[in-house]
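> Sharing a structure below in structure tokens format, with a few things to ask.
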Amino acid sequence: MIQLEGKVAIVTGGASGIGLAAVKAFINKGSKVVIADFNEKGGKKAEQELKEQGQDVLFVKVDVAEEASVENMIAETVNAFGTVDVLVNNAGFGSMSASHERTYEDYLNIVNVNQGGVFLGSKHAIKEMLKNGGGSIINTASVLGFVAQPEALPYNAAKGAVVTMTKSLAAEYADKNIRVNAVAPGFVESGAVNKEALGDFYDGLVAKHPIGRLGNPEEIAHAIIFLAENEVVTGTTVTVDGGYTA
Ligand code: NAI
């Protein structure tokens, strides 16, 4: 089992929701953590709160869909903490719109962040991990990478790609001691997913989860930590979905 104490972990989309829960979970394990997000306000707030608790944490502003920005994220991490042991490619978002009305620009934007961000983050972290003798990458996919959500075509497509990219990278770098896994959450109470914002649609989502509720960010972070610690797991997507895909 990998001991995460003292290890350096980057969490993209770390300023809120699942990412912030993952940041805290790595900190609880004694890791040094980079909160990487393009939400500067939320990221700096989380950084300050955790620093006040005496934690080794750094906020780095990043757009995961811009290569120069991702390169800078890795450089700032190495500059502050010396290396990269774990990368959680978690930044992502989706939107609902009929496919025949969605613009191509909007399609590409969703694909670029959810799928392109995994490519760019992995590419530049792997360069660093190869110098280290290994590392671990964990991608946030989604149950919507397995099953359709009407009017969420680019998100469905990108999260499906994240599942196969996870396998592809795992196979490519296994002999370099770099493991690559993903977590596929069902709907989770975070970001735009809450009763207040979604109303009746929220009730419909709950009905799709046989356990009778949505997951919470900490339950997803728990699976991320499992994937970071377990040395034999690679190329896997762990589904954490309250039975949504059962
Ligand atoms: P969230 O909106 O709370 O967090 C997403 C974070 O990513 C935000 O802090 C946002 O600023 C950041 N972000 C977005 N685009 C970015 C970019 N281009 N560069 C850098 N940072 C960027 O949402 P949540 O729910 O925590 O989502 C985290 C991940 O989990 C996403 O990949 C999402 O697709 C996935 N997911 C979420 C589910 C849910 O029901 N909430 C279900 C399944 C997957």
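The values are calculated or read from the model by the stated rules, or taken from the named source; none is laboratory data. What you see is a predicted model, and the numbers here were worked out from it, not measured in a lab. Virtual Cβ from ideal backbone geometry, glycine too; neighbours counted across all protein chains shown.
> So which of G43, G14, G19 is crowded, with 21+ Cβ neighbours inside 10 Å, within 8 Å of the ligand (Cβ to nearest atom) and more than 11 Å from N90 (Cα to Cα)?
Details: G14 fails: more than 11 Å from N90 (Cα to Cα); G19 fails: more than 11 Å from N90 (Cα to Cα).
Only one candidate passes the filter, namely G43.
> Inside region 193-232, can you point out the residues that are within 14 Å of the ligand (Cβ to nearest atom), without any contact (Cβ under 8 Å) to a residue 12 or more places away in the chain and part of a loop (DSSP other than H, G, I, E, B)?
Across region 193-232, the qualifying residue is only N194.
> Right, another one. On the given criteria, is T140 under 25 Å from T234 (Cα atoms) and more than 12 Å from the ligand (Cβ to nearest atom)? Please lay out each step first, then the result.
On the way: under 25 Å from T234 (Cα atoms): yes; more than 12 Å from the ligand (Cβ to nearest atom): no.
Answer is no for this residue.
> Mind telling me which of the residues K167, K159 ends up being buried (at least 19 other Cβ atoms within 10 Å of the Cβ) and either in a helix (DSSP H, G or I) or touching a strand residue (DSSP E or B) at 6+ places or on another chain (Cβ under 9 Å) (or both)? Steps first, answer last, please.
Working: K167 fails: buried (at least 19 other Cβ atoms within 10 Å of the Cβ).
None of the other options fit; the residue is K159.
> How many residues does region 67-94 contain that are out of contact with any strand residue (DSSP E or B) (no Cβ under 6 Å at 6 or more places or on another chain) and either modelled with pLDDT under 95 or of a type in the set (A, V, I, L, M, F, W, C) (or both)?
6
> Got a sec? Which of G30, G82, G54 is away from the ligand (no atom under 13 Å from the Cβ), surrounded by fewer than 24 Cβ atoms within 10 Å (Cβ to Cβ), of a type in the set (G, A, S) and free of Cβ contacts under 8 Å to residues at least 12 places away in the same chain?
On the way: G30 fails: free of Cβ contacts under 8 Å to residues at least 12 places away in the same chain; G82 fails: free of Cβ contacts under 8 Å to residues at least 12 places away in the same chain.
None of the other options fit; the residue is G54.
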